[in-house]
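Notes follow once the structure below has been shown.
The values are calculated or read from the model by the stated rules, or taken from the named source; none is laboratory data. Given the structure is predicted, the values throughout are model-derived calculations rather than measurements. Glycine also receives a Cβ, built like all others from the backbone with ideal geometry; neighbour counts cover every protein chain displayed. Surface accessibility is based on the protein's heavy atoms, side chains included, excluding ligands, DNA and RNA. Shrake-Rupley method; radii C 1.70, N 1.55, O 1.52, S 1.80 Å.
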Amino acid sequence: MVILDGKKTSTDLKNEIAEAVKQLKAQGKKVPHLAAVLVGTDGASMTYVSSKVKACELVGFNSTLIELPEETSEEKLLQEISKLNNDIDIDGFIVQLPLPKHIDEQKVIMAVHPDKDVDGFHPVNVGKLTLNLPTFISATPYGIMELLERYNVETSGKHVVVIGRSNIVGRPMSILMSQKRKAGDATVTVAHSRTKNLKELTLQADIIVAALGIPEFLKGDIVKEGTVIIDVGITRVDDTTKKRGYRIAGDVDFETVSKKASYITPVPGGVGPMTIAMLLKNTLQACQNK
Ligand code: NAD
C-alpha cells in the first residue's frame, strides 16, 4: 500500500511555484497577487483562508485579505467583488464559501470575472472544464488529478466511483476522470445520497473518490483488494483527548480501508494540502495569462 502524500507533493509544487516567481522577478515581471474575501467568523473558513494567505507568502506571491463582518449585505459584497475585478494588480481572487445565509452564493460566484476566478467556480470556467478546454480547474479536483499524475496511478480504462456530486468536488472530479487526459480515460460512476446500491458499486471500483462529508463512511468491507482510495472528506469531530477539542476526520475509515488499498490519501495530509497548492498554481496561471 502506497500513501499518496499530499503534504510532500504540495511542498514540491510550492517549491516549483516559488521558483517560477523568482524567475518572474528576475525578468522584472509582475509577481502574482491573490486576494481572498472572508465574510464572517466561521472557524473552519478562517483557518482555510489564513492557510491560503500563508501559502502565498511562502511562494513569494502578494496577497490581500479582505475581512467583512457576518452582517455584510449582498450588495456590499458584490461591490467588493467589482473592485477586485477592476483592480489591475489583483491576478485572481476567491470568496471563501460558505457565505452567510442572507447572501446568494450563486450570484456571488457569477460576479467574479472568469479571468480572475482562480477557484474555477464561474459557469464560464466550469463550461470550459466540461469541454476539456484550458481553464481554472477548481482546486480540490485539480489537486487530486495532480496527485494521481505525480504518483503515476494508472487510471485509463479503470472504473472510478465518485461518491458525492457537489459542484466543487464530486461533479468536476467525475468529469475530469472521464476525459481524455492524463489521470483520465476512466469509466466513471457518480454516486450520491439517492444511490441505492452503493456497496455493489464500490465493490466493483478500481478507484474510489469519497467526497460526501460523512466521517469514516467508507469501510473496508465495501472495498475490493487493490483499490485506489482518494479521501476528500474534512470534518471536525469532537475529541476530548485533543487540546483543541476536535480532530479532523476523512470520509474513509483508514484503519480498515488501508488494509485493502493499493494507494490511499491520508486525512490530514492528503487532498487538503494539495487544494491550497493548486489554488496557487491557478493564480500563477492567471498572472501569466495577462
Ligand atoms: P456537499 O455536502 O456539497 O456534497 C456531499 C455530496 O455527498 C452530495 O452530493 C450528496 O448527494 C452526497 N452524499 C451524502 N450522503 C451520501 C451517502 N450516504 N451516500 C452517497 N452519497 C452521499 O460536500 P462537498 O462540498 O463536496 O464536500 C465533501 C467533503 O469534502 C466534506 O467533508 C468537505 O469538508 C470536504 N472538502 C474537502 C476539501 C479539501 O480540500 N480536502 C475541499 C472541499 C470539500
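Assorted remarks:
- Qualifying residue in segment 89-112 (condition: within 17 Å of the chain's Cα centre (by Cα), among the basic types (Lys, Arg) and open to solvent by 10 Å² or more (accessible area, probe 1.4 Å)): no
- Enumeration of residues in segment 1-58 that are in a strand (DSSP E or B) and either open to solvent by less than 40 Å² (accessible area, probe 1.4 Å) or at pLDDT below 95 (or both): HIS33, LEU34, ALA35, ALA36, VAL37, LEU38, VAL39
- Residue count for segment 167-191, restricted to those that are assigned to a loop (DSSP other than H, G, I, E, B) and open to solvent by 40 Å² or more (accessible area, probe 1.4 Å): 6
- Members of segment 208-237 that are touching a Leu at 6+ places or on another chain (Cβ under 9 Å), outside any loop (DSSP other than H, G, I, E, B) and away from the ligand (no atom under 16 Å from the Cβ): VAL228
- Screening the candidates LYS290, LYS182 for the property of being more than 19 Å from the chain's Cα centre (by Cα) and away from the ligand (no atom under 14 Å from the Cβ) yields one hit, LYS290.
- Elements of type helices (runs of 4 or more DSSP H) contained in segment 71-142, each with 1 or more residues being under 25 Å from SER174 (Cα atoms) and not aromatic (Phe, Trp, Tyr): 105-111, 123-130
- Unmet criterion (only one of (1) more than 25 Å from GLN285 (Cα to Cα); (2) open to solvent by 40 Å² or more (accessible area, probe 1.4 Å); (3) within 15 Å of the ligand (Cβ to nearest atom); (4) assigned to a loop (DSSP other than H, G, I, E, B)) for GLY157: (3)
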